[in-house]
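**Student:** For reference, the structure I am asking about is given below.
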């Protein structure tokens, strides 16, 4: 009897209604661009200038019709809090994407290292085989010594034949 189990990681029924679809890769690229911009000196300078202008504007025009944020600058605080609330998750998302890319690159590097190690071991075995083969091949010094020995045997035979010829005469 197969027991019918409910999956807790999936909804029971298909949800109907408006479903938003988006390209996750395009959204990820956008968040990375925003995160890169938020980490630049240009962004910090622009934000600092805007805050200084905001504060000066609201201090200079505090009694006029152009005044829109009173002294504790509650609206400015709200905007900065909203910006922080969005920038922190965007930065984390960009970091997660970078971690994923690093993981893929690390796996590729490991595979390449394995292949390089296998190639290196193959070449080491081939070099060892060549060395063993060269151990069986006559070297120049060996040939010289053998030729010298043969030359001395030949000289000895020549001397022996001369001596036997002199004795025969």
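**Student:** Which value in nm describes the separation of the simple spin-label points at residue 52 and residue 165, placed 7 Å from the Cα toward the beta carbon?
**Tutor:** So the two model labels end up 11.6 nm from each other.
**Student:** Now for a separate question. Give the angle, between 0 and 90 degrees and rounded to the nearest 10, that separates the Cα long axis of helix 41-60 from the longest principal axis of the Cα atoms of the chain.
**Tutor:** 10
**Student:** What is the Cα centroid distance between region 29-52 and region 108-146, reported in whole angstrom?
**Tutor:** Centre-to-centre (Cα) distance: 58 Å.
**Student:** Considering Cα pairs under 8 angstrom that are at least six residues apart, work out the relative contact order of region 8-137 and quote it in whole percent. Numbers along the way, then the final one.
**Tutor:** Values: 34 pairs, mean separation 35.3, N = 130.
It comes to 27 percent, rounded to a whole number.
**Student:** For a test of the definition: using alpha carbon positions, the gyration tensor, and the 1.5 limit on a/c, classify the chain as rounded, prolate or oblate. Mind showing how you got there, number by number?
**Tutor:** Details: a/c = 9.79, a/b = 2.85, b/c = 3.43.
It is oblate, given that a/c is not under 1.5 and a/b is not larger than b/c.
**Student:** While we're looking at this one, here's another question. Relative to the present Cα-Cα distance, how much length would full extension add between residue 77 and residue 154 at 0.36 nm per residue of separation?
**Tutor:** Details: separation 77, 0.36 × 77 = 27.72 nm, distance 11.02 nm.
Gain on stretching residue 77 to residue 154: 16.7 nm.
**Student:** Would you mind checking the tilt of helix 140-168 against the longest principal axis of the Cα atoms of the chain, expressed as 0 to 90 degrees and rounded to 10?
**Tutor:** The answer is roughly 0 degrees.
**Student:** Mind checking the angle between helix 24-38 and the chain's longest principal axis? C-alpha axes, 0 to 90 degrees, to the nearest 10.
**Tutor:** 80
**Student:** Assuming R0 = 22 Å, can you tell me the calculated FRET efficiency for the pair residue 5 and residue 27, based on Cβ-Cβ distance, to the nearest 0.05? Could you put the intermediate results ahead of the total?
**Tutor:** Working: r = 34 Å, r/R0 = 1.54.
The pair residue 5/residue 27 has a calculated efficiency of 0.05.
**Student:** Rounded to the nearest 0.05, what FRET efficiency do residue 146 and residue 115 have when you use their Cβ-Cβ distance and R0 = 41 Å? Walk me through the intermediate numbers first.
**Tutor:** On the way: r = 46 Å, r/R0 = 1.12.
Between residue 146 and residue 115 the formula returns 0.35.
**Student:** Within 10 Å, count the other beta carbons around each residue, average over each peptide in 56-67, 32-43, and list them highest first.
**Tutor:** Details: 56-67: 10.9, 32-43: 13.2.
Sorting 56-67, 32-43 by mean packing, highest first, produces 32-43, 56-67.
**Student:** Could you check the spin-label model distance between residue 100 and residue 12? Points 7 Å from the Cα along Cα→Cβ, value in nm.
**Tutor:** The modelled label-to-label distance comes out at 3.2 nm.
No lab work stands behind these numbers, since they all come straight from the coordinates. These figures come from a predicted structure and were not determined experimentally. Note that each Cβ is placed from the backbone with ideal geometry, even for glycine, and that neighbours are counted across all protein chains shown.
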